[in-house]
Every structure is written in structure tokens, then in C-alpha cells.
Amino acid sequence: MIALLLTLAAPQAIGIHDRWGAFRDDGPRRCYAISRPVGRKRGAPFASVSNWPGARVRNQIHIRLSRPRADRARVVLAIGERRFELTAGATDAWATDAQADRAIVAAMRGGRSMSVETADAAGNGFADVYALRGAATAIDAAALACV
């Protein structure tokens, strides 16, 4: 019985595209593209682009930072020359609204890499860097899986 429950709760892999994967969860239904930053990082950092059809959410950005940020530290996502200030908690960050989500995803489609920069509790700046090769394909695969 436990094995059956674990099987039902596990996300279904849709496809792996370079450093990005596309997955689907069914409880509640969501589909997402996800990647880990380049290089070894503490914790379990990731960047994801999610679709939640039941909530009518499409291409929502979510970043898990590699370490907790300082209380008042800004979190800035950079892709090429574009900069986006994110809303953040202690270890997670999101776009400020759906319009910012759309702008970030559009920039991801044309970019080579993105970085998420902030400062940790000790005031030391750090950046988590993501390769974007395969991101557009994974984002599209995730979106199609939740249609």
C-alpha cells in the first residue's frame, strides 16, 4: 500500500531537455519545467516555471535560493541585460505579478543563462546561475502536459 501511495505521489517525467526537466504532478494537477543551478550548491536550489490549471496560473516563476537571504536583501534575477526584482521569502523568490512572469519567461527563451543574486544573512553576496539551454523546450512541454 505504501509503495502504491509513493508511486501516485511522485511526479511524472515528461522529458529532459539539456539541464531542464519537464514534470507533471496530479494532486493538485500542475506541470512544471525545473533546473538546478550550475555548479555545486548548498541545499536544494532550483528555478522552475509552473502551470496550475485549477488555479488558472500559467508560467509562474519560482526560485529556491541556495542559502537563506538577509531579511532586507533584494533578490534580482538577471538574463542578459534584463533585470527583474523578485518578491522573496527567506529561501524562495517569485515574480512580482503575472506580467513579470511573462516577461521573465520571454527573456529566458532568448537567453543563454540567468542569475539570481542576493545577500545571505551574514551580508555576503551570492548568485545562483542557471544555464538556459533547453529551458524553452521544457517550459513548452510542461505547458502542453497541463492543457
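Summary table below
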{"quantity": "Cβ-based net charge around Cys146, under 14 Å, with every Lys or Arg adding one and every Asp or Glu removing one", "calculated": "+2"}
{"quantity": "Ellipticity estimate at 222 nm from DSSP helix runs (n ≥ 4, -39,500 (n - 2.57)) divided over the chain, nearest 500", "calculated": "-6500 deg cm²/dmol"}
{"quantity": "Contact order relative to length of the chain, as percent, for alpha carbon pairs under 8 angstrom and 6 or more apart", "calculated": "27 percent"}
{"quantity": "Vicinal HN-Hα couplings computed from phi for the range 18-25 (Karplus, 6.51 cos²θ - 1.76 cosθ + 1.60; Hz; Gly/Pro x)", "calculated": "6, 8, 10, x, 10, 9, 9, 10"}
{"quantity": "Contour excess over end-to-end distance, with Cα ends at Thr96 and Arg40 and 0.36 nm allotted per residue", "calculated": "17.4 nm"}
{"quantity": "Gain in span if fully extended, Val129 to Arg58, counting 0.36 nm per residue against the direct Cα distance", "calculated": "23.2 nm"}
{"quantity": "Dimensionless Rg ratio for the chain, taking C-alpha atoms and the 2.2 N^0.38 Å reference", "calculated": "1.05"}
{"quantity": "FRET E, pair Glu81, Asp140, Förster distance 22 Å, beta-carbon r, rounded to 0.05", "calculated": "0.35"}
{"quantity": "Crossing angle, helix 135-145 versus the chain [Cα axis fit, 0-90 degrees, rounded to tens]", "calculated": "30 degrees"}
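Quick note: the coordinates plus some simple rules give every number you see, no bench work behind them. Given the structure is predicted, the values throughout are model-derived calculations rather than measurements. Using ideal geometry, Cβ is built from the backbone for each residue, glycine included, and neighbour counts are taken over all protein chains shown.
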